[in-house]
Amino acid sequence: MKKLFICLFTCAALFLTCTSQVDHNVPASSVVRAKLTADDWQSDLRFLQQKIHKDYSFLFKNITAKDFDGEVDKLYNAIPAMKEHEVLAGFARIVASFKYGHTDIGWRESPVKYHMVPVNFYWFSDGVYAEGADKKYAKVIGAKLIRIEGVPVEQALAIMRPLVPAENDQYFKAYGMDHLTIPEALHAQKISKELKQSITYTFEKDGKTFEQTIAAVDAFRFPRQYGFVKPGNEWTSVRNPETTPNYLKNLDRIYYYEYLPESKTIYVRHSQIQDDKNEAIPAFYKKVFDFIDKNDVEKLVLDVRLNGGGNNYKNKPIVTGIIESKKINKPGKFFVIIGRRTFSACQNLVNELSNYTNAVFVGEPTSENINFYGDNRRIELPKTRLPVFLSFAWWQDKPQWENAPWLAPQLAVEMSFDEYKTNKDPVLEACLNFSDKDLVLDPMGHLKELFMAGKLDQVEAEAKRMAADPKYQYVNFEQKFNQAGYDLINSKQMESALFVFQLNTKLYPKSANTWDSLAEGYWKSGKTDKAIEYYNKAIELDPHGVTGDNARNMLKQIKSQKPF
């Protein structure tokens, strides 16, 4: 089925993720707000609960139906003692518990009035910064956020996350920062001790720490594009406007391309899976590939780090064009820049490029699960008229055993605040300066080849090197080694399994799970003393957690000499 809800519609519906340039003084909603009772909210909560069980029970993947009902009952019982903004936040938590980015409540169209502080926060590699703001608060622009109402920013982010339908950390980075500006949300999540119309932030700038109390105004759409402030008469950004990096050029167009002669590279920035009003996707990419064929081009960089999706039926000319380009569809010739806003139909695009081309993915992970529920339906609750958006379409571009929280880059590169401020683009630079001598595109395949060749010392040295290298930070070596160890156990290669499990404990000595797995390997190898030692190590590292509990149960089985 064709994707029904393109990024812009989804963004407008879901909360504050829209890139609209609407005047920020225009109220976010023209909804007539009638006085609602606790009974109205409770009635709508039960309506929503029943609707989900009846028509959307397939969403119970990341939360069980039992746990969902338990949270609904808690909110239902608490509603009579809650203020309206707390109830709204409660609904947001309930819907966000499904952890699908297309499944959310419509804050903007809700019957509850809320406010916002006129500051745009952005999470860079070195922290959360005030990227832009109303000129009245110019002092905070470019300052690093340290505390919110006295709460350390790391703690505040964790507290606010349950309000956001985050499929992964990247989605929260992209779309969760706005919650730090809403007094009603901060109070509902108990960061603010009382509901007030101003928020006190603690910042750090130029080596000095200072507090700034900022007044909130009626909710509005930030004057920004793709997460970054667009300077105007009232708002300004920290970025130096004298030059513009490629990924922020020509943002009035959905896509554009540019030839970079120094590196013989075609650079394409594509920020929605929709036809531009001036040129449809097939025509645009025909021009791109014609240029590649007829000119001295050695690389193609497709930048979709800002791309929140659209209509995935429009991906075909992009994918087939790459496949047909013998000049570009080679390792080290075709690069795809991904990031925290790569979502929805663009997740489908990068999945397809991963499946069918020799793309090298660079940047940050995507904000969508590889396989995911998208395409939502609007459900308007009968009493409160609160819109709720529920996903209904399952998109599976890869086998279920290849599903993951995100599509991760093979070459991890993140942008620091200073790089953004000074218009540097370390992600594009990594593509232009790429050398396969500096990067192993398939780390586990590389290690497996060394292992099969009996080069165990090299396996250990290479594993330690890559696990410590930031370029590979999104490769889950611990999980992959753990799975490899169990695969070897299942094929009765016990000594090899022990080598892999031991290596995992060397790489991750503070992980209870690596020691638990090593203990199991020893027990299944008939080496009970070692198994007991390492199960106890797992308990020591995780005395009150799931892994510690499992280790205690295994020790009981060992003592009773019961097999697995």
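Taking the criterion of being over 26 Å from K230 (Cα atoms), touching a residue at least 12 places away in the same chain (Cβ under 8 Å), in contact with a Leu (Cβ under 9 Å, 6 or more places away or on another chain) and not hydrophobic (A, V, I, L, M, F, W, C), would at least one residue in the stretch 279-301 satisfy it? Yes, that holds for at least one residue.
Of the strands (runs of 3 or more DSSP E) contained entirely in the stretch 312-415, those carrying at least 1 residues that are acidic (D, E) and more than 19 Å from Y255 (Cα to Cα) fall at 372-380.
Checking each residue in the stretch 247-261 for being assigned to a loop (DSSP other than H, G, I, E, B) and either touching a residue at least 40 places away in the same chain (Cβ under 8 Å) or of a type in the set (A, V, I, L, M, F, W, C) (or both) picks out L251, I254. When I214, I199, I191, I266 are checked against the criterion of being of a type outside the set (F, W, Y), surrounded by 14 or more Cβ atoms within 10 Å (Cβ to Cβ) and in a loop (DSSP other than H, G, I, E, B), a single residue qualifies: I191. Taking the stretch 481-523 as the range and being surrounded by fewer than 16 Cβ atoms within 10 Å (Cβ to Cβ) and among the charged types (D, E, K, R) as the test, the residues that pass are D487, K492, E495, K506, K510.
Listed here are the residues, each with its yes/no results for (1) of a type outside the set (G, A, S); (2) in contact with a His (Cβ under 8 Å, 6 or more places away or on another chain).
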site: I105; (1), (2): yes, no
site: K113; (1), (2): yes, no
site: F121; (1), (2): yes, no
site: I159; (1), (2): yes, no
site: V164; (1), (2): yes, yes
site: Y171; (1), (2): yes, no
site: A174; (1), (2): no, no
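List every residue pair whose Cβ atoms sit under 6 Å apart, with the two residues 6 or more apart in sequence or on different chains, where the first one lies in the stretch 178-192 and is under 13 Å from L88 (Cα atoms) and not assigned by TED's automatic domain parsing to the domain that holds R221 and the second, anywhere, is buried (at least 21 other Cβ atoms within 10 Å of the Cβ) and not small (G, A, S). As it stands, the answer is none, since no pair meets every condition given. In the set T236, T244, only one residue is outside any helix (DSSP H, G or I), of a type in the set (S, T, N, Q) and surrounded by 14 or more Cβ atoms within 10 Å (Cβ to Cβ); that residue is T236.
Counting only residues that are in contact with a Pro (Cβ under 8 Å, 6 or more places away or on another chain), at pLDDT below 85 and outside any helix (DSSP H, G or I), the stretch 12-61 holds 7 of them.
The values are calculated or read from the model by the stated rules, or taken from the named source; none is laboratory data. A quick note: this is a predicted structure, and the numbers were derived from the prediction, not measured. Cβ sites come from the backbone with ideal geometry, for glycine too, and all protein chains shown count toward neighbours.
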